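What follows is one structure encoded as structure tokens, with my remarks underneath.
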Amino acid sequence: MAIKSKNIATTCVHSGPMPDAHGAVMPPIYLSSTYAFETVGKQRTFDYGRSGNPTRFALETCLAELEGGIRGFAFGTGMAATATLIQLFNAGDHFLVHDDLYGGTYRLMASVMTTKGVDVEFINMRDLDKLRAAIRPNTRGIWTETPTNPLMNLLDLTAIAAIAKEHNVITLCDNTFLSPYFQRPLDLGMDIVMHSTTKYLNGHSDVVGGGAVTNNPELADKIGMLQNAMGSGQAPFDCFLVLRGIKTLPVRMDVHNANALALAKWLQTRPEIKEVLHPGLESHPQHELAKRQMSGYGGTFSFRMQNGEMVKKALSNVKMFTLAESLGGVESLIEQPWTMTHVSMPEDVRIAVGITDDLVRVSVGIEHIDDIIADLQQAFEA
Ligand SMILES: *Cc1c(COP(=O)(O)O)cnc(C)c1O
């Protein structure tokens, strides 16, 4: 059986494996789509691959333990996780969404969720009074993401959860940027935590996947029903890869964190840079909240160059960094949210929240920090 530990490094290595006849140290990949019933009317643990699969169950158990919840779910993509979770809400419900967030989440909420009749309202939840004032009798859910992608703004999850509890509102948090290694939203009062496991949890840029965990039994039953009814669960091979990635999450996150902070401090010394958006810097307006709510800052952050032309030049000249979307892999990536990750957000919305052409987002890898800095330096000076 899995080793239970209060230490996340141990959980990452030991959570999830199942006993098997050969004593396999790593969980087997069960590809079978169907499972024999013991007898008429009596199924074993699993009956059909959409409803459940041993390899997926191993990952789901691991996700639940990492986030401190009672049940975890693995989905085909991060967006499949979110698409499933929003089915908890119905036509006529009022749903509050933080206004600066992952572009794909924005698109899903602004299109699919709205079309289905949910009254979606985007507000800036850094302003807690605004959040309090926005709650109506039919408000059913609050969607948060912190730190936000790509602006690195933080939301005070404890305060938001407290406001929501007063009004019986379900709180959800996208914890993709930090992973449970640096932030545990359920411990802070959130009801459901969501992940794009594509990012840090898998960590090797070779899977797309999603996750959700809750500590509320009623919500766990509903999400399980939806995952089965909608068929949004993750394939066994991909579950295996995410589980394998999780085993090294703590060591990867420590290096991502140290490299990103060192790069952020170096960027602050450069004349090409107007502003560095990193919650670990004292200059970050929410640095105190960061220290209180997170145990590390992660490996992804953004900075503003003097103008969009400089961004174009720098991004055309990187050699080790790859000009690519996504984040959370062992390799360093760089991108311009204005033309890449955030084009799914209308131009006026991007400008209103501060996603302009001078903004650059980096996913700092685990290469040696000297090589990371040297690559950006040569790209700036090219
Ligand atoms: C990538 C990402 C998602 C979407 O996940 P996919 O696996 O690409 O579907 C959601 N939220 C955040 C913060 C992300 O970075």
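The values are calculated or read from the model by the stated rules, or taken from the named source; none is laboratory data. Everything quoted here is computed from the prediction, not taken from an experiment. Reconstructed Cβ throughout: ideal geometry from the backbone, glycine too, with neighbour counts over all protein chains shown. Only protein heavy atoms, including side chains, enter the accessible area calculation; ligands, DNA and RNA are left aside. Shrake-Rupley method; radii C 1.70, N 1.55, O 1.52, S 1.80 Å.
Ligands, DNA and RNA are left out, and with a 1.4 angstrom probe the accessible area of region 8-246 is 38 Å² per residue.
Calculate what fraction, in whole %, of the accessible area of the chain sits on carbon and sulfur atoms when a 1.4 Å probe is rolled over the protein chains. Heavy-atom surface of the chain belonging to carbon and sulfur, 1.4 Å probe: 55 percent. Taking square-rooted eigenvalues a ≥ b ≥ c of the alpha carbon gyration tensor, is region 249-381 rounded, prolate or oblate, where a/c under 1.5 means rounded and, failing that, a/b exceeding b/c means prolate? It is rounded, given that a/c, with a ≥ b ≥ c, falls under 1.5. The relative contact order of region 8-246 comes to 26 percent, based on Cα pairs under 8 Å that sit 6 or more residues apart.
Only Cα pairs under 8 Å and at least 6 apart count here; give the relative contact order of region 155-210 as a rounded whole percent. Relative contact order here is 32 percent.
With every protein chain in place and a 1.4 angstrom probe, the accessible-area ranking of Arg270, Arg140, Arg252, Arg184, largest first, reads Arg140, Arg184, Arg270, Arg252.
The order of Asp238, Asp93 by accessible area, most exposed first and with a 1.4 Å probe, is Asp238, Asp93.
Partner lysines whose Cα lies under 18 Å from the Cα of Lys291, excluding those fewer than 8 positions away in the same chain, are identified as Lys265. When Met294, Met230 are compared by accessible area of protein heavy atoms, the largest-first order is Met230, Met294, using a 1.4 Å probe.
The slack in the chain from Asp20 to Thr39, taken as 0.36 nm per residue of separation less the alpha-carbon distance, amounts to 4.6 nm. Its Cα centre serving as origin, the chain has a Cβ charge dipole (Lys and Arg +1, Asp and Glu -1) of approximately 680 debye. Since only Phe73, Ser363, Thr176 are under comparison, the one whose Cα sits farthest along the positive direction of the charge dipole of the chain, derived from C-beta charges on Lys, Arg, Asp and Glu, is Phe73.
Comparing Ser205, Ser196, Ser283, which has the greatest mean-square fluctuation in the GNM of the chain with Cα pairs linked when under 10 Å apart? Of Ser205, Ser196, Ser283, the most mobile in the Gaussian network model is Ser283. The heavy atoms of His287 present about 20 square angstrom of accessible area, all protein chains included, probe 1.4 Å. Rg and Dmax, both from the Cα atoms of the chain and both in Å, are 20.9, 74. For Ser316, the accessible surface of its heavy atoms amounts to roughly 90 Å² (probe 1.4 Å, protein chains only, rounded to the nearest 10). Only protein heavy atoms count here; on that basis, with a 1.4 Å probe, Glu60 has an accessible area of about 20 Å².
Between Asn307 and Lys116, what's the calculated FRET efficiency when r is the beta-carbon distance and R0 is 30 Å? Round to 0.05.
0.15
Normalised per residue, the accessible area of region 249-381 is 41 Å², obtained with a 1.4 Å probe and no contribution from ligands, DNA or RNA.
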